[in-house]
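Heads up, the thing below is written out as structure tokens.
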Amino acid sequence: MIDRAPAAGTIRVDAQDTKTVISLVGEIDAALRDEAGACMGVALVNGLPVVIDSTLATFIDSSGIAFVLQLHLAASAEQIPVTLLDPHRVLRDVLEMVGLSGEVPAATV
């Protein structure tokens, strides 16, 4: 049996009146795959503009980047706008390193 350490982060979804906010908190990695899938489902079903808020994220690995890009692609296919609120540039810096910084526009606050 393999014991898994508890995740050091979380992904939350908040369906508001005019938008859906997906919050990335702490360390965003493969341990959060189930949370990511559930949040993506809620965002796509709501059909409202999506804001990915990484204000409280401290780290994001390739699976976290994949989640953000998959959400962006799936939402775009449904004509749902996705923006990124990333004041500390935890996510934006990684997107720049892999040449994808222009894929998700910055949110206005």
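Throughout, read-outs are computed from the coordinates displayed, never taken from laboratory work. Just so it is clear, the model here is predicted, and its values are computed rather than measured.
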Per-residue HN-Hα couplings for region 81-88 [Karplus 6.51, -1.76, 1.60; θ = phi - 60°; Hz; x = Gly/Pro]: x, 10, 10, 10, 9, 9, x, 9
Amide H contacts of Thr83 (H built 1.01 Å from N, under 5 Å, at least 5 apart or other chain): Val50, Val51, Ile52
Under-5 Å amide H pairs with Thr58, H placed in peptide plane, nonlocal only: Gly26, Glu27, Ile28
Compactness of region 26-65 - radius of gyration and Dmax, Cα, Å: 10.9, 28
Cα Rg over Rh - region 9-97, Kirkwood: 0.93
MRE, 222 nm, helices only [DSSP H, n ≥ 4, -39500 (n - 2.57), over the chain, to nearest 500]: -11000 deg cm²/dmol
